[in-house]
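Everything below concerns the one structure shown next.
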Amino acid sequence: MLKRLRTYFLTGLLVLAPVVITGYIIWKLFVFLDHLTGATLRGGYIRPGGVPGIGFVTVILIITLTGALANNILGRSLGGVFEGLILRVPFLRGVYLTLKEMGEALLSDKKGVFQRVVLVPFPGPGVYSIGLVTTPPPRSVDDAVGTALEGVFIPTPPNPTTGHLVYYPLEQVIPTTLRVEQAVKMILSGGVVVPAGPVLSSQEPAPNEMGAT
């Protein structure tokens, strides 16, 4: 049962992430244009206060129910219709497809997009973040900086389809034994869900054992 709910949740997240982010961009654009013309949005549908945590629970339920719906034929049909409407709009088409591809790469078993999970110094020296190795930069970039670089995508919670693309020298990239799915679970849970067993490759020293220079 828990495995099925987890599948529904991840499927719902995969379906909703590009839709929500696309909707957020539209909303921000509307607010910008609204303020530009001198008007203001009128709220008031939700009163201040309320039940603490009810918003979080509601979001989890919506994502899970969306995943359950998307797993059946009716859900796939409705999703196809909605996706078709978005793809008809030139600007939204590019945003939606990019976010959808990112979501599929992070939350599905699609191989070859992210090669492996690593630890990298981010956002600064002495602080390490989980990163996903992606395609390297063009050769001209390596030649310009004078060393070989590796492309690392660093997801940010609560939406792992957004994050930072950073190019690191190879010696700063620490390999791990984590799978992409395990890394995404750790990020989504804020580090609460941690896989059992060693995380760093046996041949690699732990970050705090590497020594400061």
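Side notes on the structure shown:
- Here the condition is being closer than 12 Å to Leu119 by Cα, among the aliphatic types (A, V, I, L, M) and in the same structural domain as Ser189 (by TED's automatic domain parsing); of Val173, Val145, Val141, it holds for Val173 alone.
- Scanning segment 120-147 for residues that are crowded, with 16+ Cβ neighbours inside 10 Å and hydrophobic (A, V, I, L, M, F, W, C) returns Val120, Phe122, Ile130, Leu132, Val133.
The values are calculated or read from the model by the stated rules, or taken from the named source; none is laboratory data. Source: prediction; values computed, not measured. Cβ sites come from the backbone with ideal geometry, for glycine too, and all protein chains shown count toward neighbours.
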